[in-house]
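K.L.:
One structure, as structure tokens, below. Some questions next.
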Amino acid sequence: MSNKKSSKVGGLNWAKLGTVAAEPATRACYDPTGVAITLEAKDEKASGGEGIVYTVPGKPGFLVKVYKRETLENPSKANAIRERIEAMCENRACQAMKGLAWPLMPVYGDASRKNLIGFAMRACKGMPFSSLFNGPASVKEKFPAWNRRQLAQTAVNFVKRVRLLAESNVLVNDFNPANFWVDEQCNVSFIDVDSFQIADRRGRPLVTHTYFASHTAPELLASPSALNRPRTVEHVAFSAALVAFQLLMCGYHPYSYQGVPDGGGCGSPDENLRAGRCPLGIGADCRLPDCWYKLWSQLTGKLKNAFITTFRNGHSAPAMRTPLGDLEFALNGLLITMAKDADPDRVSLNPCKVKSHEWIQTPAAPRSFMPRPAYPSRGFMRTPGFARPPYVPQQQYNPQGYGRFPTPRMGGTTSNFNPNLY
């Protein structure tokens, strides 16, 4: 009795619950001139949350992304997609940029060219960054001939690409490492670029809400409403530095660590990023695991400072983050040092020793040529012509005229010096 009545409530049953209309087996896609091509299921290359990527019959170097039916059936989403893709197709500079899966032309669902369903783009080659982020062994598995020099070159090319896009008023929103690819020659490519923040025809930013939590600036994660506002270059600088750090560290996240003041457990990288718990630099309450510290120690002082400035000082102060151009300069400096340094540990993916005090090898310059650091609280800045004097115990005074060294947590003698502070 009542069972029959209740079974009709809502008009649903187990068979109908949660069903989604299947994508068609074949699609007719029209270019802006009204010429059609047919895409079949065998042409499907990849599928994501919003769309499906197809190879183009007869055009081996190109792909077509077609948005899924449930996305296009939402009027607000469909209008936003149309405005974004048409604006991107007018950006000739980005279309000409190699290694960028930028929309080359819109693709329509009918000959009237009123129903935009996707876009055509260049195909990219290589391996996703994420495939290199499982430790040194994963790098050797994908690229057996690589050492850390190739990782540094990849980081340079990546940061340079992000900087050039930002200078063109295009900001990367989604820093998912799977969206960045690299080939054996260290050529970097960006895919899934229709999530980038661009300007419309009137110069207003077209905001997207796409982000990757473990690679997003903390102020955006702290407030969901912040994702509704336009991104800034400081947001991009934070995320780009995080990806560059992971490239150099074979996937190690800068907010992973071991040891906390209260003896509790270590949080996940996402939790630590939100809280600002970073093991890099002077005064950190946690430290890098010993196996990863060797990799960190082989970086140059200037590059270490760039990362510390972004992840520690810039965590709650976006304006203090290392600009993209400065990070690129520091990464290039690492390449130069690698070329000059005969120590094989400098380019090794598994260095045998710690190299924290390379500045001790440089004779101290005369006092008159050694200016006081611009930001004493951040430690010594590795500026040209500035050689750091050797470490002295905390109770001693620096004879070179700097005042006291930033020595909190160092202890009173060199025997208990903690290398994780640098």
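The values are calculated or read from the model by the stated rules, or taken from the named source; none is laboratory data. For clarity, every value in this text was computed on a predicted model and none was experimentally measured. Ideal geometry is used to build each Cβ from the backbone, glycine not excepted, and the neighbour counts take in all protein chains shown.
K.L.:
In segment 47-79, how many are closer than 15 Å to Ala101 by Cα and in contact with a Phe, Trp or Tyr (Cβ under 9 Å, 6 or more places away or on another chain)?
P.N.:
8
K.L.:
Kindly indicate whether any position in segment 189-201 is among the hydroxyl-bearing types (Ser, Thr, Tyr), surrounded by fewer than 20 Cβ atoms within 10 Å (Cβ to Cβ), at negative phi and in contact with an Asp or Glu (Cβ under 7 Å, 6 or more places away or on another chain).
P.N.:
Start the filter on segment 189-201 by keeping residues that are among the hydroxyl-bearing types (Ser, Thr, Tyr), which leaves 189, 195.
In the following step, the residues that additionally are surrounded by fewer than 20 Cβ atoms within 10 Å (Cβ to Cβ) were identified as 195.
Imposing the further condition that a residue be at negative phi reduces the set to 195.
So of that shortlist, the ones also in contact with an Asp or Glu (Cβ under 7 Å, 6 or more places away or on another chain) come out as 195.
Yes: segment 189-201 contains one or more residues that are among the hydroxyl-bearing types (Ser, Thr, Tyr), surrounded by fewer than 20 Cβ atoms within 10 Å (Cβ to Cβ), at negative phi and in contact with an Asp or Glu (Cβ under 7 Å, 6 or more places away or on another chain).
K.L.:
From the list Leu324, Leu288, exactly one residue is in contact (Cβ under 8 Å) with a residue 40 or more places away in the chain and within 23 Å of Lys160 (Cα to Cα). Which is it? Walk me through how you get there before you give the answer.
P.N.:
Working: Leu288 fails: within 23 Å of Lys160 (Cα to Cα).
So the residue among Leu324, Leu288 that is in contact (Cβ under 8 Å) with a residue 40 or more places away in the chain and within 23 Å of Lys160 (Cα to Cα) is Leu324.
K.L.:
Being assigned to a loop (DSSP other than H, G, I, E, B) and of a type in the set (A, V, I, L, M) is the filter; apply it to segment 270-315 and report the residue that is nearest to Phe175 (Cα to Cα). Give the steps one after another, and end with the answer.
P.N.:
Step one: filter segment 270-315 for residues assigned to a loop (DSSP other than H, G, I, E, B), giving 276-286, 288-289, 298-300, 314-315.
In the following step, the residues that additionally are of a type in the set (A, V, I, L, M) were identified as 280, 282, 284, 288, 299.
Numbers: Leu280: 22, Ile282: 28, Ala284: 26, Leu288: 23, Leu299: 23 Å.
Of everything passing the filter in segment 270-315, Leu280 is nearest to Phe175 (Cα to Cα).
K.L.:
Phe212: assigned by TED's automatic domain parsing to the domain that holds Gln246, under 26 Å from Val156 (Cβ atoms), out of contact with any Leu (no Cβ under 9 Å at 6 or more places or on another chain) and surrounded by 15 or more Cβ atoms within 10 Å (Cβ to Cβ), yes or no? Working first, answer last.
P.N.:
On the way: assigned by TED's automatic domain parsing to the domain that holds Gln246: yes; under 26 Å from Val156 (Cβ atoms): yes; out of contact with any Leu (no Cβ under 9 Å at 6 or more places or on another chain): yes; surrounded by 15 or more Cβ atoms within 10 Å (Cβ to Cβ): yes.
The answer is yes for Phe212.
K.L.:
If I go through segment 158-194 residue by residue, how many of them are closer than 15 Å to Ser239 by Cα and not in a loop (DSSP other than H, G, I, E, B)?
P.N.:
Step one: filter segment 158-194 for residues closer than 15 Å to Ser239 by Cα, giving 158-163, 165-166, 170-180, 190.
Imposing the further condition that a residue be not in a loop (DSSP other than H, G, I, E, B) reduces the set to 158-163, 165-166, 171, 177-180, 190.
Looking only at that region, the number is 14.
K.L.:
Working only within segment 243-270, note down all residues that are modelled with pLDDT of 90 or more and either acidic (Asp, Glu) or touching a Gly at 6+ places or on another chain (Cβ under 9 Å) (or both).
P.N.:
Our first condition is that a residue be modelled with pLDDT of 90 or more; within segment 243-270, this holds for 243-255.
Listed by number, the residues that qualify are Cys250, Gly251, Tyr252, Tyr255.
K.L.:
In this structure, does Pro351 turn out to be in a loop (DSSP other than H, G, I, E, B) and either among the charged types (D, E, K, R) or at pLDDT below 90 (or both)? Step through it out loud before you land on a result.
P.N.:
On the way: in a loop (DSSP other than H, G, I, E, B): yes; either among the charged types (D, E, K, R) or at pLDDT below 90 (or both): no.
So Pro351 fails the test.
K.L.:
What about Leu220, is it of a type in the set (A, V, I, L, M, F, W, C) and either surrounded by fewer than 16 Cβ atoms within 10 Å (Cβ to Cβ) or in contact with a His (Cβ under 9 Å, 6 or more places away or on another chain) (or both)?
P.N.:
Working: of a type in the set (A, V, I, L, M, F, W, C): yes; either surrounded by fewer than 16 Cβ atoms within 10 Å (Cβ to Cβ) or in contact with a His (Cβ under 9 Å, 6 or more places away or on another chain) (or both): yes.
So Leu220 fits the description; yes.
K.L.:
Another question, then. Tell me whether segment 100-121 contains one or more residues that are assigned to a loop (DSSP other than H, G, I, E, B), under 30 Å from Glu167 (Cβ atoms), among the basic types (Lys, Arg) and out of contact with any Cys (no Cβ under 8 Å at 6 or more places or on another chain).
P.N.:
Residues of segment 100-121 that are assigned to a loop (DSSP other than H, G, I, E, B), as a first pass: 101-104, 109-115.
Those still in the list that are under 30 Å from Glu167 (Cβ atoms) too: 101-104.
Now restrict to residues that are among the basic types (Lys, Arg): none.
No; the residues of segment 100-121 include none that is assigned to a loop (DSSP other than H, G, I, E, B), under 30 Å from Glu167 (Cβ atoms), among the basic types (Lys, Arg) and out of contact with any Cys (no Cβ under 8 Å at 6 or more places or on another chain).
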